[in-house]
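The values are calculated or read from the model by the stated rules, or taken from the named source; none is laboratory data. Keep in mind that what you see is a predicted model, and the values were worked out from it rather than measured. Ideal geometry is used to build each Cβ from the backbone, glycine not excepted, and the neighbour counts take in all protein chains shown. Accessible surface areas use protein heavy atoms only, side chains included; no ligands, DNA or RNA. Shrake-Rupley method; radii C 1.70, N 1.55, O 1.52, S 1.80 Å.
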Amino acid sequence: MANQFAKPEILLQRLAFIALAILLVAILVVVGVHRVRVSEPYVKNVLSLAGDPVRGNAIFQMNCAGCHGWQADGNVGPSLQGVSKRKSRFGLIHQVISGDTPPMPQFKPSPKEMADLLSYLETL
């Protein structure tokens, strides 16, 4: 009868193994999703280019400053100060080109312009 119940040590080992397996699967899913996103041709092209923050600032002033402020400190849209610490490069690209967060319009600059804009945003 005593053999019908698993020892507490064995139960803890099984739970630890299950938790580790779940963690590994979660990590693999996150890495897989990231690799798929980064493999999109536009994103891949943008990330392969070196951006110029001066040109990025000019692009920002023409397209973004009306809502995000001339110093990117917020106006109608949120402040973008430190945005590259809060969002990945892919996240920033997606935010700019998707139009998923109204009232921000969809904006798809050329890959070089996007690389320049990213470079500027990373200076904030």
Fill in: Answer label for Rg/Rh (Cα atoms, Kirkwood Rh) (calculated), chosen among [x] 0.99; [y] 1.30; [z] 0.93
[y]
Worksheet item: How much length is gained if the chain between K112 and L20 is pulled fully straight, taking 0.36 nm per residue apart and subtracting their Cα-Cα distance, in nm to one decimal?
Response: 28.9 nm
Worksheet, complete the sentence: Membrane-span-like helices (DSSP H runs, Cα span along own axis at least 30 Å, mean Kyte-Doolittle at least 0.0) in the chain -> 8-38
Response to the item:
Descending packing, highest mean Cβ count within 10 Å first, for 92-99, 59-66 is 92-99, 59-66
Practice prompt. Can you spot the lysines whose alpha carbon is less than 27 Å from K85's alpha carbon? Ignore those fewer than 8 places along the same chain.
Written response: K44, K108, K112
Practice prompt. Would you mind putting 107-120, 17-30, 69-82 in packing order, based on average other-beta-carbon counts within 10 Å, highest first?
Written response: 107-120, 69-82, 17-30
Practice prompt. Report, to the nearest whole %, how much of the accessible area of segment 73-124 belongs to carbon and sulfur atoms, 1.4 Å probe, protein only.
Written response: 56 percent
Worksheet item: Accessible area per residue of segment 58-119 at 1.4 Å probe, in Å²?
Response: 55 Å²
Fill in: Dipole magnitude of the chain about its Cα centre (Cβ charges: Lys, Arg +1; Asp, Glu -1), debye to nearest 20
340 debye
